Each structure stands twice: as C-alpha cells, then as structure tokens.
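The values are calculated or read from the model by the stated rules, or taken from the named source; none is laboratory data. Only a predicted model underlies this, so the values are computations on that prediction, with no experimental measurement involved. When we count neighbours, we look across all protein chains shown, and the Cβ atoms used for this are built from the backbone with ideal geometry, even at glycine.
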C-alpha cells in the first residue's frame, strides 16, 4: 500500500507496474496526473491509463505536450496540480528521455523539488524508469529521493 506524501521509484523497462498502481489509486478516488513519454492513446490502449489528465513528453508542438527541455514547465504543471488538493497521484514516466535532453543534475533537482512538493501537500508520486539507462551513481541519486518498488515474484518490495 502506498502512502500519501511519498515518492516511489518503480524500476522497470516499460511502465506497466507504475500504470497499474496509478490506475488502482485513481479507482480509489485519487485525482491523477500522468506525464509520460508514451503517447496518451497508447497509454490507454496498452496500459489502461485513461480518464485522467495526461501530458505527453515530446519535442512535437501540440496541446497537452511538454518539451523535454522545458523542465520548468514540467515542474510547474506538477506543482500546480498537487498544491492545495487532496488525494492526488502523479505518474512520471520518461526520466530517461528528460536526461537525454538536459544535464542529469537538472533532472535530479527537478525530482527533488517535486518530491518536496509531494511531501508538503500529501500527494503520491510514481517515478517509472529503466535502471539500465543510468549509471550506478545517477541511479543512487534518484533512489535517494524515493522509496524503491521492485517487482519480485509478483510481490512489491519497498
């Protein structure tokens, strides 16, 4: 069971576990914000993510899209959604993509700031990322900001 006011890191190649947890909490009455590198139509079809506010991480100019280099815009979207609201869950998938387009330290600073906002406002943040995309040092810096969830024989480890 996830706790309000905490950030969780789900180490996975594809966001299946994170999407499942996210939609489970949405079904329990949480208001959801999903930000992903995967197009919203594919998120809905392949992972069952729907009926929530969804932003697509892409370099394409479109409605409900955030450029990977616009970390300030991404941070503000999350902070605005979480602040002064109850029962909020945010799923962020695409840390790898953000790290390709920005200095890694800027991405970690963004995660730290969002984590502080989550702790202060009582929301839940799910970070879904592929651990193989990062060095041990980089992974350690992200793990420092979150409780890690690993799929292990169908069970969660936190």
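Taking the stretch 92-111 as the range and being in a helix (DSSP H, G or I), more than 13 Å from the chain's Cα centre (by Cα) and closer than 14 Å to residue 58 by Cα as the test, the residues that pass are 99, 100, 101. Within the stretch 97-119, restricting attention to residues that are touching a strand residue (DSSP E or B) at 6+ places or on another chain (Cβ under 6 Å) and over 15 Å from residue 66 (Cβ atoms), the residue that is surrounded by the fewest Cβ atoms within 10 Å (Cβ to Cβ) is 115.
Search the stretch 41-91 for residues being in contact (Cβ under 8 Å) with a residue 40 or more places away in the chain and assigned to a strand (DSSP E or B), and hand back the single one that is farthest from residue 9 (Cα to Cα). Residue satisfying both the conditions and the ranking: 57. Residue 122 falls short on exactly one of the conditions (1) under 15 Å from the mean Cα position of the chain (by Cα); (2) closer than 19 Å to residue 21 by Cα, and that condition is (1). Within the stretch 146-157, can one find any residue that is on the phi < 0 side of the Ramachandran plot, in contact with a helix residue (DSSP H, G or I) (Cβ under 8 Å, 6 or more places away or on another chain) and modelled with pLDDT of 95 or more? There is at least one residue in the stretch 146-157 that is on the phi < 0 side of the Ramachandran plot, in contact with a helix residue (DSSP H, G or I) (Cβ under 8 Å, 6 or more places away or on another chain) and modelled with pLDDT of 95 or more. Could you list all residues from the stretch 26-48 that are surrounded by fewer than 19 Cβ atoms within 10 Å (Cβ to Cβ) and touching a strand residue (DSSP E or B) at 6+ places or on another chain (Cβ under 7 Å)? Within the stretch 26-48, 31, 37, 39, 40 meet the criteria.
The residue list 33, 9 contains one member that is assigned to a strand (DSSP E or B), within 21 Å of residue 85 (Cα to Cα), within 13 Å of the chain's Cα centre (by Cα) and touching a residue at least 12 places away in the same chain (Cβ under 8 Å), which is 33.
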